[in-house]
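Accompanying notes for the structure given below.
Derivation of every value follows stated rules applied to the coordinates shown; laboratory data play no part. Quick caveat: nothing in here was measured; it's all calculated off a predicted structure. As a convention, Cβ positions derive from the backbone with ideal geometry for all residues, glycine included, and neighbour counts pool all protein chains shown.
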Amino acid sequence: MIRILPPTTVNRIAAGEVIERPASAVKELVENAIDAGATQIDVALLVAGKSLIKVTDNGSGMTKDQLALCIERHATSKLPDDDLLHIKHLGFRGEALPSIGSVSRLTITSRTKNKNDAWQISIEGGELQEMTPAAHKPGTTVEVRDLFYATPARLKFLRADRTEVAQAKDIVMRLAMAHPEISFTFTSDDKILGSYNSESSDNARIARLGDVLGDEFRANSLSIDATRENIKLSGFASLPTYNRGTSSEQYLFVNNRPVRDKLLLGTVKAAYQDFLERNRHPVVVLFLDLPADSVDVNVHPAKAEVRFRDVGLVRGLIVSALKQGLASGGQRASSTISLAAQSLFTSGERNTNYYTPHTSNSTAYTMPNIAHGNLAEAALRLIPEWQQAPEARKLEPAAQDYSAFRLGAARGQLHNTYIVAQTENGIVIVDQHAAHERLVYERMKISLAETGIARQKLLVPEVVDLGEPDASRLLKRTEEFAGFGLIIETFGEGVIIVREVPALLGDSDVRGLIRDLADDIEEFGEALALRDKLEHICGTMACHGSVRAGRSLTIDEMNALLRQMEATPHSGQCNHGRPTYVELKLSDIEKLFGRR
């Protein structure tokens, strides 16, 4: 028998899609407050939101008639022309309040700015209560009590209270990052866990990001600003040496809407592939602004995902903008490295929060070892003439005092591994192997760009059975793969034959490479694995072709290395994200000895 479900059941089904946990309700309510033009939003939880979720704002408020309509399904003020292709508000479905009301005890109190009277409406488990007058300042307060009391089975699927609070805080934090013009507070069981004052200066965005993510991010981030066609990208990305063990601190906002998108993970990985180990991740906050009809925000019940009309354009913009931002960072290393060094001096304890030591069990590849000759001469040959610092070209190494240079004048070598240099206002300690590894690597990249990627034919072509979906995805990108030295062809339904591979890969696992490519394209929509493998091989070759730790250097050799670091992009970190140098200001050294 086919029948129409009663409204209460329909609302509870909708609640199952929209309100998964307390954080889901927080998201919907705070978005409504933002859409109402609020400049102050306060969020309070009791018992991780299961007992109470209270959101108060000073927005436009609602009249008595509007209040009665807001708890009806699909009632919204945010689609004036019913056009789902030009959505300009965060909340637009009209499902949040009736869905919340169907599984909790919901009370809404509101007053508009031009009225003296406020009104209150309540719903308990989907049952509407009589509307009553109330006392309230302009704006709206929504109280959600006993969440899921009408569907108690849902409570069993909630995590520990600490986890649920963290999820709700993350929602508020992301919305606060997108809206520095709004003040936010977040409390749990009467404890303030987040308080962000509104920002109105020209630097409002980075000021708010510093408040949310910490001053260390503000001090160690690079500004991102790029436009392509009708899409604008802005935001901030961390220096490679300021990184994390997971990608949880990578944030994407599309038209100021926080979204979680695999696109971001893949593009960030591609942009930072020269600078970080695969298991390390930068901190990035990116804001995409594009016409409303270029993105579909209506593809997910909770509006957590979006779909771009031109994915390739967006991906290309993000990768190129991040790479340009990293290039603008030049030879900077994160300030946290110096702070960690000072901490070591004072406490004797090792701080590993800022970067991870590089360990490698990779197969050794050989190349002409330029470090075994005179390094002063070899270093100048390493970087093309146009990339060398003018000062380094004009001056004779043995006759100069380099202390005025950014990395200073070499004064000695510690343990045949670390170069100690004196600057005008402090000292610099350089890891000679990590530094030279970056120099070699950058030269190898230039060579690859100039001569292209050499290919080698397989004596016996490799046949790989992938299945139709994966094989089809790969075959659509044969031209792109050919540019990287990989030649593939179809060999029947779902089967690919590999005829040539990049010579750099040597005697590699071709079958594994193809399968990795298929997996990456399915997950990220971009062929990251091949790039990663090529860069990894280049990095390994650079590692083995660089001056090793434990080798004694002359003063001239040390100064030559320092000068080339100053002339080489990205020399603040090696190919694995480790810092190549630590700088200590004289004032910091004086503090260590009680002189300040």
Difference of contour (0.36 nm per residue) and Cα-Cα distance, residue 153 to residue 509: 123.2 nm
Can you tell me the FRET efficiency between residue 497 and residue 556 if r is taken as the Cβ-Cβ distance and R0 is 51 Å, rounded to the nearest 0.05? 0.40
Counting other C-beta atoms within 10 Å, which of 3, 499 has the fewest, and how do the rest follow? 3, 499
Nearest-0.05 FRET efficiency for residue 590 and residue 460, computed from C-beta distance (R0 45 Å): 0.10
Rough spin-label spacing in nm, given labels placed 7 Å along Cα→Cβ, for residue 232 and residue 113: 2.5 nm
Order these by the 10 Å Cβ neighbour count, fewest first: 405, 593. 593, 405
Between residue 478 and residue 324, Cβ-based FRET efficiency (R0 22 Å, step 0.05) works out to 0.15
Surrounding net charge for residue 588, when Lys and Arg each add one and Asp and Glu each subtract one, Cβ distance under 14 Å: +2
Given pairs 232/585; 27/137; 191/262; 169/585; 50/113 and cut-off 27 Å on Cα-Cα distance, the over-length ones are 232/585; 191/262; 169/585; 50/113
What is the distance, in nm, between label points placed 7 Å from the Cα along the Cα-to-Cβ direction at residue 215 and at residue 411? 2.8 nm
